[in-house]
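See structure below.
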Amino acid sequence: MNNVTIVSHPLIQHKLTMLRDKNTPPKDFRELVREISMLMAYEVTRSLPLKDIDIETPMCKTTGKTLSGEDIAIVPVLRAGLGMVDGMLDLIPNAKIGHIGLYRNEETLEPVEYYCKLPTDIENRIVIITEPMLSTGGSMNGALNMLKKRGAKKIKSIHLVCAPEGLKKVTEAHPDVEIYTAAIDEKYDETGYIVPGLGDAGDRLFGTK
């Protein structure tokens, strides 16, 4: 899976362990997700193109580097993906935000679309889709299909934890999408939850269970 990057920075791995702990309360969980997302955004944006620009420092004229103008859109998959947006905005404050609404049919485990609102110029932006858990791959494939149907061409996805089966499914269906994750876990169980995982990211973020 050449398009998959495991972001193994020690700070990320330390914070991920705290996320996994069932005793971590929602407030701390939200803060940790934000911090991990900001750290992972550093890696996701590593290949952004640069151009030279002439400036003048207090000492002399010089040439520096600046981003060459490729705009970014951050697109969370509702609702858990919302928890990753603020951390990324800390690093990329000018990004536009879209939203994709999907829920998983608990019987078929297949995604059902209920909402999609994207920047009007989505085809011209680098799209970073956020989804804390990539489990069966069904929801992520659905979200990527929605993005491509609406014109997105350069897409990266960012996750806290992935199941290997779901990751394989997504990479086979979308080999052009760059995938970043903090961990690849053992598997997903019969209910579609990642093992060992960290539980339901949405419930833990918003305190709904």
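Between LEU48 and ILE6, what's the calculated FRET efficiency when r is the beta-carbon distance and R0 is 22 Å? Round to 0.05.
With R0 = 22 Å, the Cβ-Cβ based efficiency is 0.60.
Treating cross-link reach as a plain straight distance, find the aspartates and glutamates whose alpha-carbon is under 16 Å from the alpha-carbon of LYS65, omitting any fewer than eight places away in the same chain.
The qualifying aspartates and glutamates are ASP52, ASP54, GLU56.
How would you order 3-15, 79-91, 132-144 from highest to lowest mean count of nearby Cβ atoms within 10 Å?
The packing order, highest mean first, is 132-144, 79-91, 3-15.
Quick check: at a probe of 1.4 Å, how many percent of the accessible area of the chain sits on carbon and sulfur atoms?
52 percent
I'd like to verify something in the chain: which complete DSSP H helices, judged by Cα projection on the helix axis, reach 18 Å or more and average at least -1.0 on the Kyte-Doolittle scale?
Going by DSSP H runs, the hits are 26-44.
Among THR62, LEU19, VAL7, flag the residue with its Cα farthest along the positive direction of the charge dipole of the chain, charges on Cβ as +1 for Lys/Arg and -1 for Asp/Glu.
So the residue furthest toward the plus end is THR62.
Any idea how many Lys pairs in the range 104-209 come in under 16 angstrom at the alpha carbon, given 8 or more places apart or on separate chains?
Lysine pairs, 8 or more places apart or on different chains, close enough: 7.
Write down the accessible area per residue of the chain in Å², having rolled a 1.4 Å probe over the full set of protein chains.
52 Å²
Exposed loop GluC sites (Glu not before Pro) only (DSSP loop, at most 13 other Cβ atoms within 10 Å): please give the longest stretch of the chain free of them, not including the sites.
Longest gap between qualifying sites, sites excluded: 108-185.
Projected onto the charge dipole of the chain (+1 at Lys/Arg Cβ, -1 at Asp/Glu Cβ, origin at the Cα centre), which of MET40, GLY138, PRO111 gives the Cα projection farthest towards the positive end?
Of the candidates, MET40 comes out farthest on the positive side.
The values are calculated or read from the model by the stated rules, or taken from the named source; none is laboratory data. Model, not experiment: these values are computed from the prediction. All Cβ positions, glycine included, derive from the backbone under ideal geometry; neighbour counts span all protein chains shown. Side chains included, ligands, DNA and RNA excluded: accessible areas come from the protein's heavy atoms. Shrake-Rupley method; radii C 1.70, N 1.55, O 1.52, S 1.80 Å.
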